[in-house]
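J.: Sharing a structure below in C-alpha cells format, with a few things to ask.
Derivation of every value follows stated rules applied to the coordinates shown; laboratory data play no part. Please read these numbers as outputs of a predicted model, since none were measured by experiment. So basically every Cβ, Gly included, is an ideal-geometry build from the backbone, and we count neighbours across all protein chains shown.
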Amino acid sequence: MTTVLGRLYCDYLMPSQLASYEEVVRRAHEAGYVQTSVRGYFDLVREGRPTPDKVLVHRHDIDTDLRTTRKMFEIEKKHGIRSSFYFRLSTLDLKLMREIEEYGSEASYHYEELATYAKKHRIKCPTALRNRMPEIRSHFIANFLRIEQALGRKMRTVASHGDFVNRRLKVNNTEILEDPQLRMDCGIACEAYDRALLDHIDIYIADRPAPQYYYPTSPFEAIRGHHRICLVTHPRQVETNWKENTKDNLFRFYEGLVW
C-alpha cells in the first residue's frame, strides 16, 4: 500500500521540481562548473584534450513527458548551459530535437530494442533472448539510422533505457552495443554507460521518485565535494503530468499482463 500511495503522489500530487532543477544549474554555475553534454565531455576525453577542472555532465532520459522536457530545455537556454536529451521511439519529437541540436546541446536515441523484442515475442529466458541478439541488433541499426536520417544530424552517443523486462531477466539493453562492428557501422562513439566515459566521472547521480529525489546524494551536496559530476534526470521526476503518467502507467500494466 505504501508503494502504491507513493506512486500516486509522485505521478499526480508532487509539487513541481523545476525550480529545484534550475537551482542546481544556478549553483553549479556559481561554483565554477562547466555544464555540458555527454557528447561534449566525451569528445574531450576521447581526444585527450584538457577537461574542465569542474564539470557537470547533464543527461536527460526522455522516457515520457515532452511538455516538461521543453521546460527543462528552456531553463538550460536561459542559463546558457549544454546537455544531452535521449529520446525513446515513443517520445521522439524531431522538431524539439532539432532545436536542441541547433542550440548546441545534444539530442539522440534512448534505445530499448532488447526489452522490446522480449516483450513482443514473450521471451522470459535470458539465454533464449541473447540467442536472438543478431536480429535484435538489426532492429537497433534500422531504428538508429531512421532517426538519424529524419533528424538530419549525426548521433554519436546513445543511452540505454531500463525497462521492467530488463530488471526481471537481468539483461541490459547495453548488450546490444557489445559489438564493435555495430558501433563502427552506426558511427557511435560512446554509450552513456561506457567505462571510457564513466572512468572520467567522480560521482554519478540519478534522480529518484519523491521523497528521495536523488541517489546516491543530491547534486547540491555533490557540487560541494566533487569535481566531475554526471547528473541523470527524467522529466517524470521533475514535474507531474497527469495525462502522460496515466497513459504510461496503463501501458506498462498492459505490457506486464500480456508478457
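J.: Pop the C-beta distance of Arg7 and Glu74 into the FRET formula with R0 = 22 Å and round what comes out to the nearest 0.05.
T.: Here the calculated transfer efficiency is 0.20.
J.: Whole-Hz Karplus ³J(HN,Hα) for region 101-108, in order, using 6.51 cos²θ - 1.76 cosθ + 1.60 and θ = phi - 60°, x for Gly and Pro?
T.: Along region 101-108, the couplings run 5, 5, 5, x, 8, 10, 10, 8 Hz.
J.: Further question: Sort 104-115, 28-39, 198-209 for me by packing, meaning the mean count of neighbouring Cβ atoms within 10 Å per residue, highest on top.
T.: Ranking, from highest mean packing down: 104-115, 28-39, 198-209.
J.: So, in Å, what gap is there between the alpha-carbon centers of region 154-218 and region 117-152?
T.: Taking the Cα centre of region 117-152 as reference, the centre of region 154-218 is 16 Å away.
J.: May I have the pair-distance distribution P(r) for region 19-258, computed from all Cα-Cα distances with 10 Å bins from 0 and rounded to whole percent?
T.: Binned Cα distances yield the sequence 7, 31, 37, 21, 4, 0.
J.: Which value, in Å³ per residue, describes the convex hull spanned by the Cα atoms of region 176-231?
T.: Spread over its residues, the Cα hull of region 176-231 gives 96 Å³ apiece.
J.: Please work out, to two decimal places, the log10 of the ratio I(q)/I(0) at q = 0.11, 0.15, 0.23 Å⁻¹ from a Debye calculation in which every Cα of region 69-147 carries one identical scatterer.
T.: Those come out to -0.40, -0.63, -0.99, one per q.
J.: Same structure again: Charges at C-beta only: +1 for Lys and Arg, -1 for Asp and Glu. How large is the resulting dipole of the chain about its Cα centre, in Debye rounded to 20?
T.: Using Cβ point charges on Lys, Arg, Asp and Glu, the chain gives about 480 debye.
J.: For region 44-60, just list the computed ³J(HN,Hα) in residue order, Karplus coefficients 6.51, -1.76 and 1.60, θ = phi - 60°, integers in Hz, with x standing in for Gly and Pro.
T.: Karplus-based 3J(HN,Hα) across region 44-60 equals 5, 5, 5, 8, x, 7, x, 9, x, 4, 10, 9, 10, 8, 9, 10, 10 Hz.
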